[in-house]
Amino acid sequence: MAVVGVRDGDGFRVLDPVERTFYAELKPISDAYEPEALAVGGLDRELLVREGREPAEAMNAAAAWIAGVRAELGATPVFVAYPLGYDWMWIYWYFMRFADGGSPFGHSRCLDLKSLYAAKAGVRIGEATKRSMPGHLLSDRPHTHNALDDAIEQGELFQNLMRWDGPRA
């Protein structure tokens, strides 16, 4: 996770997405897995079995980190992702299942960057792909499929979308 900005009554304040981050690799909770999915992220399942953090410990640490950032910035956390569906499903389930206090994002403090782009660009959701976005909206960072790298990359896309007024007529 990466903190990328604060929205208040005066607008959106951009923050350096590498300044406040959280990253954890979790111990698997099941023997069922897709080897192809692990390969995409460059993860080693046997290493995760040996050295991954216990899910409860990791999710409680993540919730504590979010609470600390919330207190530091005086802002309510919102989970932002592209596309939201996959990441939200995973993070929400893990917080609800393993974190003592449940989800620090509640059940609905989340924002889909695909939908945000579609609304601002005036295009159909099916046309709201990264390939169709103007280049100046995209992050210059490589898409590595490492969770922290992806969070920072998606955070920069969010920052750019928040500053963008949409296409000019």
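Taking amide H atoms as placed 1.01 Å from N in the peptide plane, the amide H of LEU26 lies under 5 Å from those of ARG53, each 5 or more residues away in sequence or on another chain.
In whole Å, what three semi-axes, largest first, describe the equivalent ellipsoid of the stretch 78-165 built from its Cα gyration tensor (square root of 5 times each eigenvalue)? Could you put the intermediate results ahead of the total?
Details: eigenvalues 124, 44, 23 Å².
Sorted largest first and rounded, they come to 25, 15, 11 Å.
Computed with every protein chain present, the accessible area of ARG141 is close to 90 Å² [probe 1.4 Å]. In the context of the full set of protein chains, residues of the chain present 59 Å² of accessible surface per residue (probe radius 1.4 Å, heavy atoms only). Using a probe of 1.4 Å, the accessible surface attributed to TRP93 totals some 120 Å² when neighbouring protein chains are kept in position. For the chain, the longest principal axis of the C-alpha atoms and the axis of helix 84-98 are separated by about 40°. If the reach is capped at under 20 angstrom between alpha carbons, list the lysines near LYS130, excluding any in the same chain fewer than eight residues apart. Leaving aside lysines fewer than 8 places away in the same chain, those within reach of LYS130 are LYS114, LYS120. The H on the amide N of LEU111, modeled in the peptide plane, is under 5 Å from the matching H of PHE79, VAL80, ALA81, each at least 5 residues off or on a different chain. Using only Cα atoms, tell me the angle between helix 147-163 and the longest principal axis of the chain; keep it within 0 to 90° and round to the nearest 10. For helix 147-163, the angle is close to 20 degrees. Across the chain, the relative contact order, built from alpha-carbon pairs under 8 Å that are at least six residues apart, equals 26 percent.
Placing a label point 7 Å from the Cα of ILE125 along the Cα-to-Cβ direction, the residues of the stretch 93-112 whose backbone N falls under 12 Å from that point are 112. The average projected area of the chain, computed from the convex hull of its Cα atoms over all directions, is 11.0 nm².
Regarding the stretch 36-113, what's the average projected area of the Cα-atom convex hull, expressed in nm²?
Numbers: hull surface 24.2 nm².
For the stretch 36-113, averaging the hull's shadow over all directions gives 6.1 nm².
Neighbours of ILE66 by Cβ distance under 14 Å: Lys/Arg scored +1, Asp/Glu scored -1, total +1. Calculated on the alpha-carbon coordinates, the convex hull of the stretch 4-53 measures out at 137 cubic angstrom per residue.
Between THR21 and ARG163, the simple label model (points 7 Å from Cα in the Cβ direction) yields a spacing of 2.0 nm.
The values are calculated or read from the model by the stated rules, or taken from the named source; none is laboratory data. For clarity, every value in this text was computed on a predicted model and none was experimentally measured. Please note: Cβ atoms are built from the backbone with ideal geometry, for glycine as well, and neighbour counts cover all protein chains shown. We work out accessible area using only protein heavy atoms, side chains counted, and drop any ligands, DNA or RNA first. Shrake-Rupley method; radii C 1.70, N 1.55, O 1.52, S 1.80 Å.
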